[in-house]
């Protein structure tokens, strides 16, 4: 009976807490919006592929191949180019048919096709959708060749041949090896998730550090000391950052080891002679990428630490602080999930927004480096530093006000109920 009363009391405590209700509304609204954005991105990627054209480059014209392509042109939009470069930007993919293609097929040999997949952003999902589209086209092409060969020679061609594809990604006019592209996009997509996770944890730590002192009645004593409140704010931010770094160091090491393993895999992967020379990508070094990741992590920790101090300063108790920092943590992580499902569009205006959120800085760096326009990354860095300094200034401003002692109480307005007198 006593336990039931205690449990009921605790349940009522947080269910009646307006901050808890607000956090639930924020989480539901944000993730509903995110779900719609991701769903729209996925549907758009599929629709673009279905309506797009496939470019073909035929090094050795053959009646059987041409007739098979005519059959497929009723289902697919096929364009003929003299070289792969002519089709970059016009078709979602370029397929190069080498010399002796039909001869190898009719002799039940193995044929390797070179394919170039055009992508406008660092989006692994879009790339995989287009590769799947190419594979479906190749399967239909195999059936069309068998059908065409039978019509021309009145002989059934035994299906013993095999068609292999060697894919390359074409981004901003640069041809990138598929394995390298997958590594770049994977790292650019997972790095924001790590930074977002660390920022969410740090915001929770910093808010709890401040709110706990209020519950322990030590906050007033601390503020009564002849110490600048600015120093108190900075000390709390640094303390929360230290706790987050200790807690997240293993995650960072694991990510670095994962990236190193992928780079080693690329070096050991057999390379085929490309039809188009690969662009020099030496400026996207593993070391530089890790340094940018560390920089964004430091900025993100200071950013979230200041935000957590602000939350811990204005709330009345630790329970409310925990309730309010939960949606902050989930929003940081939720925004970081977007690059995993859809590529972030990049422009100078959006670079400012990405700098405000901090988490996409690594993605922005890799996009800027690949596109050859570092102004996007510079704008993002400037925006993130400005936002970080603004939050520190705001946290100091809050600490100078009486609300840091009294706390902000939120309550639902009770609707008066009129009673009829008898």
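Report the FRET efficiency, 1/(1 + (r/R0)^6), for residue 400 and residue 5, where r is their Cβ-Cβ distance and R0 is 35 Å, rounded to 0.05.
Details: r = 43 Å, r/R0 = 1.22.
According to the calculation, E is roughly 0.25.
Within 10 Å of each residue's Cβ, count the other Cβ atoms and sort 94, 27 from fewest upward. Intermediate results must be reported in sequence, preceding the final value.
Numbers: 94 28, 27 15.
Lowest count first: 27, 94.
Can you tell me how much longer the chain between residue 374 and residue 26 gets when fully stretched, taken as 0.36 nm per residue apart minus their C-alpha distance, in nm with one decimal?
Working: separation 348, 0.36 × 348 = 125.28 nm, distance 3.49 nm.
Gain in length upon complete extension: 121.8 nm.
Describe numerically, in nm with one decimal, the distance between label points set 7 Å from Cα along Cα→Cβ at residue 235 and at residue 143.
Roughly 7.4 nm, to one decimal.
In whole angstrom, note down how far apart the Cα centers of region 373-388 and region 328-370 are.
Value for the Cα centre distance between the two parts: 12 Å.
Starting with the fewest neighbours, write out 178, 103 ranked by other beta-carbon atoms found within 10 Å of each beta-carbon. Don't jump to the answer; show the numbers that get you there.
Numbers: 178 18, 103 13.
Fewest-to-most ranking of 178, 103: 103, 178.
For region 52-171, report the convex hull volume of the alpha-carbon atoms normalised per residue, in Å³, without decimals. Before the final figure, lay out the partial values.
Numbers: hull volume 10.9 nm³, N = 120.
Spread over its residues, the Cα hull of region 52-171 gives 90 Å³ apiece.
What are the semi-axes of the equivalent ellipsoid for region 125-215, taken as the square roots of 5 times the Cα gyration tensor eigenvalues, largest first, in whole Å?
After diagonalising the Cα gyration tensor, the semi-axes are 55, 14, 9 Å.
Give the order of 114, 9, 230, 401 when sorted by the count of other beta carbons within 10 angstrom, beginning with the fewest. Don't jump to the answer; show the numbers that get you there.
Values: 114 20, 9 9, 230 15, 401 12.
Ranking 114, 9, 230, 401 by Cβ neighbours within 10 Å, fewest first, gives 9, 401, 230, 114.
Read-outs: derived from the displayed coordinates by stated rules, not from any lab. No experiment lies behind these values; they were computed from the predicted model shown. Quick reminder, even Gly has a Cβ in these numbers, built from the backbone with ideal geometry, and neighbours come from all protein chains shown.
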